[in-house]
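These notes concern the structure reproduced below.
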Amino acid sequence: TLAHLEEGDLFGEISLIIGTPRTATVKSTQETRLMRLKRQDFAQIMTNHPEIFDIAKSYVEKRAEDTIGVIMRSGSEAGLV
């Protein structure tokens, strides 16, 4: 498990920003409502509102740091690091 998301959190932003395939699978443990944003719509929003790109980029950086931390702790616990 890389993260536990809460109401209002987002996922899939790495794929949208970097343009790579998704990096994780998301599973919901309860009834969930999702909003899907297509890549072309995301690109249009970024063009019209570049400040949102900065926010999304910060989110990606934080998510990457958190993921690295989870992996390092997991490897340490398994005696791999």
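Residue under question is Leu37, and the condition is that it be in contact with a helix residue (DSSP H, G or I) (Cβ under 8 Å, 6 or more places away or on another chain), farther than 30 Å from Arg73 by Cα, touching a residue at least 12 places away in the same chain (Cβ under 8 Å) and not in a helix (DSSP H, G or I); does it hold?
yes
I'm trying to understand the selection: among the residues of the range 1-23, which are among the charged types (D, E, K, R), over 26 Å from Gly75 (Cα atoms) and open to solvent by less than 100 Å² (accessible area, probe 1.4 Å)?
Once the filter is applied, which keeps residues that are among the charged types (D, E, K, R), over 26 Å from Gly75 (Cα atoms) and open to solvent by less than 100 Å² (accessible area, probe 1.4 Å), the range 1-23 yields only Asp9.
Test each condition in (1) touching a helix residue (DSSP H, G or I) at 6+ places or on another chain (Cβ under 8 Å); (2) open to solvent by less than 70 Å² (accessible area, probe 1.4 Å) for Ala43 and report the one that comes out false.
Of everything listed in (1) touching a helix residue (DSSP H, G or I) at 6+ places or on another chain (Cβ under 8 Å); (2) open to solvent by less than 70 Å² (accessible area, probe 1.4 Å), Ala43 misses just condition (1).
Take Val26 and tell me if it is open to solvent by 70 Å² or more (accessible area, probe 1.4 Å) and aliphatic (A, V, I, L, M).
It is true that Val26 is open to solvent by 70 Å² or more (accessible area, probe 1.4 Å) and aliphatic (A, V, I, L, M).
Out of all the residues in the range 54-81, which are hydrophobic (A, V, I, L, M, F, W, C), closer than 19 Å to Gly8 by Cβ and open to solvent by 70 Å² or more (accessible area, probe 1.4 Å)?
Hit for the range 54-81 is Ile55, nothing else.
Any residue in the range 1-16 that is without any contact (Cβ under 8 Å) to a residue 40 or more places away in the chain sitting within a Cβ distance under 6 Å of a residue that is in a loop (DSSP other than H, G, I, E, B)? List the pairs, counting only those 6 or more apart or interchain.
Qualifying pairs under 6 Å: Phe11/Val26; Ser15/Arg22.
The values are calculated or read from the model by the stated rules, or taken from the named source; none is laboratory data. Every value quoted in this text rests on a predicted model; they were computed, and no experiment measured them. Methodologically, a virtual Cβ is constructed for each residue, glycine included, from the backbone with ideal geometry; neighbour enumeration extends over all protein chains shown. Side chains included, ligands, DNA and RNA excluded: accessible areas come from the protein's heavy atoms. Shrake-Rupley method; radii C 1.70, N 1.55, O 1.52, S 1.80 Å.
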